[in-house]
Amino acid sequence: MGPEYAVFLGLDVGKGEHHACALDPSGKKLHDKPLPNDEQRLRALFTQLGRRGRVLVVVDQPASIGALPVAVARAEGCQVAYLPGLTMRRLADVHPGNAKTDARDAYVIADAARTLPHTLRRVDTGQETLAELEVLVGFDDDLAGESTRLVNRIRGLLVTIHPALEKAIGPRLHHPAALELLITYGGPDGLRAATAEQLLATAKPLAPRMAGRLVEAVKAALDAQTVVVPGTTAAATVLPHLARSLQSVHDQRKQVAIGVEEILDAHPLAKVLISMPGLGIRTSARILLEIGDISAFATPGHLAAYAGLAPVTRRSGSSIKGEHPPKGGNKPLKRAMFLAAFASLSDPLSRAYYDRKRAEGKKHNAALICLARRRSDVIYAMLRDQQPYQPSRKITTQAAPAA
């Protein structure tokens, strides 16, 4: 980790307080106490230890609840690093005792900094970028959930009062033109009272090419049902409010996507990921957040297993029962890999691999999991080598059998 240090300070970070354990180069404890998550108390400790010489501050999580100690340590001129969680747990196994306490964890972190500096990772610009990214991506996840809830609510109302209208508008609720029709005219009665020219004038500014087809579909749906279902009047009152809320959520997601893109531009590996077919801003951001430091995974197989993409072999005695998709793994990462694989089907190489799996008898989702597993190996190589996507890699990279 660079120059010699006089103090190795391990911080087991927490929400309200951390536990700080400081060791000198010989392993003698200089400090071993809880430390409130407060700027003044943090500064006081860093200043006190700094009188002995250079201080290396090591945390077990550089973002989230560890962000304040990292920022204060840097402001005090301390070098900062972090010990990955998996590494810390392995090192804890070689220390005496089975207790799981904050004090023990802080000591393990400090001792690793003192004796095993190669296990540490620098808290670099990429890590700071991920901290910013985590906030925005988390908010976008909330907005996506709210969008799904509102879409389901609107479609549920429409299918109750007018199933034909739901078939015409429901699948298009992601488009602002469909929402504008609901906002302006409400339910079936309002849409029926408007002329085709009025509906077209409302939809066309937002959907120049789709407006005609949308209006025709709406008019045909309205003609298909003449009976009025109880609850139609109330639904006409509620639908514009729901449509406005959904429109607002869509607008917020667009703004968040702009912010995510700006932050990704500052991350050294973002352009590497986005160069791969099927990986966009949101999926690349999620993959970076969930993977973190690629050096934590020894092989591509380790990454695939962590993502829940590696098949599981089930055996009973000497008989092999077969391979099955795993039920565990990192669910957000698996979903991002799956969505990226689906989006990559327009790429000839991805489509060829997918078609080959379908020809082997696999169903759509199983074939996509196979494709995601293959792409996981390529993503590992791209992040490890910090090189953009090269089409030849998808063919030459050896992947484990996928279920």
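Selection of first residues in the range 224-239 that are at positive phi and not assigned by TED's automatic domain parsing to the domain that holds Leu173 and of second residues that are at pLDDT 95 or above and among the aromatic types (Phe, Trp, Tyr), restricted to Cβ pairs under 9 Å at least 6 apart or on distinct chains, gives an empty result.
Of these, Leu222, Leu206, which one is among the aliphatic types (A, V, I, L, M), surrounded by fewer than 20 Cβ atoms within 10 Å (Cβ to Cβ) and assigned to a loop (DSSP other than H, G, I, E, B)? The conditions single out Leu206. Please verify whether Ala177 is small (Gly, Ala, Ser), surrounded by 16 or more Cβ atoms within 10 Å (Cβ to Cβ) and under 30 Å from Ala81 (Cβ atoms), treating the condition exactly as stated. Answer is no for this residue. Among the residues of the range 218-275, those that are touching a Pro at 6+ places or on another chain (Cβ under 8 Å), modelled with pLDDT of 90 or more and within 30 Å of Pro391 (Cα to Cα) comprise Val272, Ser275.
Condition first: over 33 Å from the mean Cα position of the chain (by Cα) and in a helix (DSSP H, G or I). Now tell me which residues in the range 160-180 satisfy that. Within the range 160-180, Thr160, Ile161, Pro163, Ala164, Leu165 meet the criteria.
Restricting attention to the range 102-121 and to residues that are of a type in the set (Ser, Thr, Tyr) and out of contact with any strand residue (DSSP E or B) (no Cβ under 8 Å at 6 or more places or on another chain), the residue that is farthest from Gly292 (Cα to Cα) turns out to be Thr115. When the residues of the range 382-403 are filtered to those that are buried (at least 17 other Cβ atoms within 10 Å of the Cβ) and among the small types (Gly, Ala, Ser), the one that is modelled with the lowest pLDDT is Ala403. Test Lys33 against the stated conditions and say whether it is more than 30 Å from Ala298 (Cα to Cα), free of Cβ contacts under 8 Å to residues at least 60 places away in the same chain and within 27 Å of the chain's Cα centre (by Cα). So Lys33 does not fit the description; no.
Entry remark, the range 110-137: residues being charged (D, E, K, R), outside any helix (DSSP H, G or I) and at pLDDT below 75 number 2 in total.
The values are calculated or read from the model by the stated rules, or taken from the named source; none is laboratory data. Keep in mind it's a predicted model, so treat the numbers as computed, not measured. Note: ideal-geometry Cβ built from the backbone for every residue, glycine included; neighbour counts use all protein chains shown.
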